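Below is one structure, written out as structure tokens; the observations come after it.
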Amino acid sequence: MADLSINFAGIKAPNPFWLASAPPTNSGYQVMKAFDAGWGGAVWKTLGVPVVNVSSRYAATNYGGKRMAGLNNIELITDRPLADNLREIEEVKKRFPDHAVIASLMVETREQWHQIVRDAENAGADGLELNFGCPHGMCERGMGSAVGQEPNVLKTIVGWVMEVAKTPVIVKLTPNITDITVPAIAAQEGGADAISMINTIQSLIGVDLDNLVPYPYVDGKSTNGGYCGPAVKPIALNMVKNCAQIPDYKLPISGIGGIENWKDAAEHILLGAQSVQVCTAVMHYGFGIIRDLKSGLSRYMDEKGFATIDDMVGKALPNTKTWENLNLKYKVVAAIDEDKCIGCQLCYTACEDGAHQAIGLSGEGEDRIPHIIEDNCVGCNLCSLVCPVEECITMERRDDGKEHTTWKERSANNNIPTTFNDELAGGRGHWIPKPEEALKKGHYDKFK
Amino acid sequence: MSEYGKPTTEKEFDANFEQIKPLMNSTEAYYESSRCLYCFDAPCVTACPTGIDIPQFIRQINTQNISGAAKTIYDSNYFGNACGKVCPTEVLCEGACVYNHQDVKPIEIGRLQNFATDAVIERKEHLYQLAPDTGKKIAVIGAGPAGIACACELRLLGHAVEIFEAKAKPSGLTVYGVAPYKILNEEVLKEMNYLQEQFGYTVHYNKPITGKEDLSKLEQDFDAVFIGIGLGETRSIRIDGENLKNCVGATEFIEELKMEHLKTPVGKRVIVIGGGNTAMDAASEAARMGAEHVILAYRRAKREMGAYEFEYDLAKAVGVKGVFNAQPLEILGDHEVVGVKFIRTKVENGKVVSIPDTEFTEACDMVVRATGQAKQETFLAQIDGLELDWGKIKVNAHFQTTNPKYFAGGDAVNGGAEVVNAAAHGKVAAKGIHAYLKN
């Protein structure tokens, strides 16, 4: 059995699954329940000068039959008195000494930072997470993402914290920035022990078409919120990867963003996260999902031969390159399994209208099974992505694997297209139907 | 005319007994698992006699952790694969699914369960590590669901187990009694092999434990005994003509059908007497074997039938005709059955009374008595200090009998229920035996 325990920048936890600083960590009651269910750590709902919240706080993107593919919130940091939170942190640590309790913090002045760092540590917090990510409400007051977007300010505040902190300090970064590696480096320069990402993405879920007010509705008005949930995972993974690949970067990363099942967690870890944080999935399904997270990850690690989480951290990074380093000679084409095909022809229309006109229809009677026109197939994957049948469309390799050329190498050899009508253009020689062919087939006639 | 012709080849037999819950493919399993809401304190779990963590295994299927899903199932129910197909899910887990309240089709839990367990059985993937040998030996009488489940759990806990089975195959009524359109014998036996290979208990087939002598030997050679003997033959209904040719007991008829398929003799006009699930099965099976007319005769009103509604619907769907408030008076015929004489009934103060001058006769060439199985009281009386309650073995919460060395479960304890109930008993009883042997 794989060992799921971790030591994250000096913070020990029985497993890498932490609750992110958010509504699920609003109270000792919730955190204890979570630990009892099997969670390894919790980052407390951000402490600071308590706020006043609005009523009606969340809104969600539903996708098809799935609710909450993305969640948006306009809730601020804790609205409970600091003393209450500290007392509960102390109690949780007393009952769960081996679990990680990290205090998320957000204040303004140097004095306030010093005070709250001492208070959190005195209460028994195993570490601190500086909330430089919140993209709604608090940033209007110069905190949260307003700090995360200003590397120099970030560095200065990290410095203030490091003046008094005795426990590991994690800096939580905002994705609402062009290049996340800049604040990541600033955090390291400020002396932080680790970074976590991503906080929520500035968002507006939609507009109520009856009353013309965006969601969530607050007395006839609304505001932008922070977006999270399964929909943001790809953005989070890319940012985790970007930070993990900063040359000579030393700080461990806690991955956050769209983690709902063990596979999401495994992906964050393979791209460089040493712990993972979860919020939306718990807000949707409760603390019980930890059973799937632990069972699935542990089974996967056993299968892959990873004995510890450390063994697995960043294992996908060597395979994650800049575009210019990809092999231009690699060639795949789509193949349709005729026995599995159910004849929906989604692949046909996707390729025909949305990609490279490389799928044909027999046009004969009842035969609805499309076929690949290999000469035209660029191996883009689109057909396999829209296909509703598992493993019906697969991508098959066609090059012999002997040749390897990258854009970088071709650039170095002056072997790249440079003029508008260059002979070296990749699509030259690729068959494209003539424009007038578009009208001949009359695909949409029967709906006119 | 009947919907089904008499099957003359195995292929035709299979077509007539087409599986009502066929194995899912991975696409179907993916879509179906993604519909699960992952309810908190899920009603499907409460409805499952073995308490399988259903939302968990469905989520594991959805996240492609199929082995994990199978383990979640087997952790609660050693007949995980069979139960996915033979459980009356319509009245258990699927009947409890919250989607029913919204008039949305409930999650196909049974088929998802079958999908996940089928994958590990096919791969022969072992999911358990057995505890070190405790040196204790337990005898299990009967290789039915209760006995096998008990044996698996005992082996998991490190005890040696020998099972004594009167028949030639394991799983009891799962292989000898469940309607062929619910599960194939090969599937049942595959899971039995999978379990035996993984848990390593011994089964002595064709080895009935019958008399005092056998019992004394078991008591001598083993530290504890588990009784999972089920029920006996079809009970007599005590009317004239029961011994005529072509008047058969439902249990015996179904067993023959399950083992002999095509060779099972079935009449052209068949009357099935009874209102329980076995009666529904027997009637459906007669129709699928090509009987032209099948009548299901029950002495009370339709709504009072013990059978599940969906089981009656299945029978109706294959052309079975229900005749209610009809009490059989005599099975007619000289040597062979030629008909049944009934009298109309009504219920007064909860009792069935016949209505005078309402006798009528239905012609037939076969009668199937589905009037319940007899308890095995004669055998059980030979165990010292073993108390019965109307023929059912009395047990405590740990399934220990009034003779502390004996534990019991399954139909012999509950008087006749589902495979899943017996599998639940066996597992709990094994834990009881474990605790008993530790003291």
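The values are calculated or read from the model by the stated rules, or taken from the named source; none is laboratory data. What you are looking at is a predicted structure, and each value in this text was computed from that prediction instead of being measured. Please note: Cβ atoms are built from the backbone with ideal geometry, for glycine as well, and neighbour counts cover all protein chains shown.
Any chance region A:139-146 includes a residue that's among the acidic types (Asp, Glu) and touching a residue at least 24 places away in the same chain (Cβ under 8 Å)? Reasoning before the result, please.
First, the residues of region A:139-146 that are among the acidic types (Asp, Glu): A:140.
Subset that is touching a residue at least 24 places away in the same chain (Cβ under 8 Å): none.
Looking through region A:139-146, none of the residues is among the acidic types (Asp, Glu) and touching a residue at least 24 places away in the same chain (Cβ under 8 Å).
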Say whether the condition of being within 12 Å of chain A (Cβ to nearest Cβ) and on the phi > 0 side of the Ramachandran plot is met by at least one residue in region B:31-51. yes
Please specify each residue of region B:26-49 satisfying the condition of being within 21 Å of B:Glu125 (Cβ to Cβ) and out of contact with any Asp or Glu (no Cβ under 7 Å at 6 or more places or on another chain). B:Ala29, B:Ser33
Can you tell me which residue among B:Lys71, B:Lys124, B:Lys85 is more than 14 Å from chain A (Cβ to nearest Cβ), touching a residue at least 40 places away in the same chain (Cβ under 8 Å), over 25 Å from B:Asp313 (Cβ atoms) and basic (Lys, Arg)? B:Lys124
Considering only helices (runs of 4 or more DSSP H) fully contained in region B:1-117, which possess at least 3 residues that are closer than 27 Å to A:Lys294 by Cβ and out of contact with any Ser or Thr (no Cβ under 7 Å at 6 or more places or on another chain)? B:26-34, B:43-47, B:54-62, B:66-76
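Picking from A:Lys250, A:Lys233, A:Lys221, which residue would you name as being touching a helix residue (DSSP H, G or I) at 6+ places or on another chain (Cβ under 7 Å), more than 14 Å from every other protein chain (Cβ to nearest Cβ) and basic (Lys, Arg)?
On the way: A:Lys233 fails: more than 14 Å from every other protein chain (Cβ to nearest Cβ); A:Lys221 fails: touching a helix residue (DSSP H, G or I) at 6+ places or on another chain (Cβ under 7 Å).
Of the residues listed, the single one that is touching a helix residue (DSSP H, G or I) at 6+ places or on another chain (Cβ under 7 Å), more than 14 Å from every other protein chain (Cβ to nearest Cβ) and basic (Lys, Arg) is A:Lys250.
Filter region A:309-342 down to residues that are of a type outside the set (S, T, N, Q) and in a helix (DSSP H, G or I) and give me whichever is farthest from A:Arg368 (Cα to Cα).
A:Asp310
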Given (1) in contact with a strand residue (DSSP E or B) (Cβ under 7 Å, 6 or more places away or on another chain); (2) not in a strand (DSSP E or B), A:Phe35 misses just (1)
Only one of (1) within 14 Å of another protein chain (Cβ to nearest Cβ); (2) under 25 Å from A:Ala244 (Cα atoms); (3) assigned to a loop (DSSP other than H, G, I, E, B) does not apply to A:Phe306, and that is (1)
Scanning region B:223-236 residue by residue, those assigned to a loop (DSSP other than H, G, I, E, B) and buried (at least 19 other Cβ atoms within 10 Å of the Cβ) turn out to be B:Gly228, B:Ile229, B:Gly230, B:Leu231
Scan of region B:342-374 for residues that are closer than 20 Å to B:Thr234 by Cβ and touching a Leu at 6+ places or on another chain (Cβ under 6 Å), ordered by number: B:Gln373
Of the residues in region A:49-78 that are surrounded by fewer than 21 Cβ atoms within 10 Å (Cβ to Cβ) and closer than 13 Å to A:Met106 by Cβ, the one that is farthest from the other protein chains (Cβ to nearest Cβ) is A:Val49
Going residue by residue through region A:54-62, is there one that turns out to be over 18 Å from A:Pro135 (Cα atoms), part of a strand (DSSP E or B), touching a His at 6+ places or on another chain (Cβ under 6 Å) and not basic (Lys, Arg)? no
Assuming B:Ser171 fulfils every condition listed in (1) in a helix (DSSP H, G or I); (2) surrounded by 21 or more Cβ atoms within 10 Å (Cβ to Cβ) apart from one, which condition is it? (1)
Answer yes or no: is there a residue in region A:274-284 that is surrounded by fewer than 23 Cβ atoms within 10 Å (Cβ to Cβ) and either not hydrophobic (A, V, I, L, M, F, W, C) or not assigned by TED's automatic domain parsing to the domain that holds A:His99 (or both). yes
(1) within 14 Å of another protein chain (Cβ to nearest Cβ); (2) touching a residue at least 40 places away in the same chain (Cβ under 8 Å); (3) over 19 Å from A:Met312 (Cβ atoms) all hold for A:Ala266 apart from (3)
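A quick yes/no check of all residues on (1) touching a residue at least 24 places away in the same chain (Cβ under 8 Å); (2) within 30 Å of B:Gln60 (Cα to Cα):
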position: A:Leu297; (1), (2): yes, yes
position: A:Glu303; (1), (2): no, yes
position: A:Leu317; (1), (2): yes, yes
position: A:Glu324; (1), (2): yes, no
position: A:Leu328; (1), (2): yes, no
position: A:Gly343; (1), (2): yes, yes
position: A:Cys347; (1), (2): yes, yes
position: A:Leu361; (1), (2): no, no
position: A:Glu364; (1), (2): no, no
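Which strands (runs of 3 or more DSSP E) sit wholly inside region B:238-347 and have at least 1 residues that are under 21 Å from B:Ile20 (Cβ atoms) and of a type outside the set (Asp, Glu)? Quick ask: steps written out before the conclusion?
Values: elements: B:247-249, B:269-273, B:293-297, B:321-323, B:326-332.
Qualifying strands (runs of 3 or more DSSP E): B:269-273, B:293-297, B:321-323.
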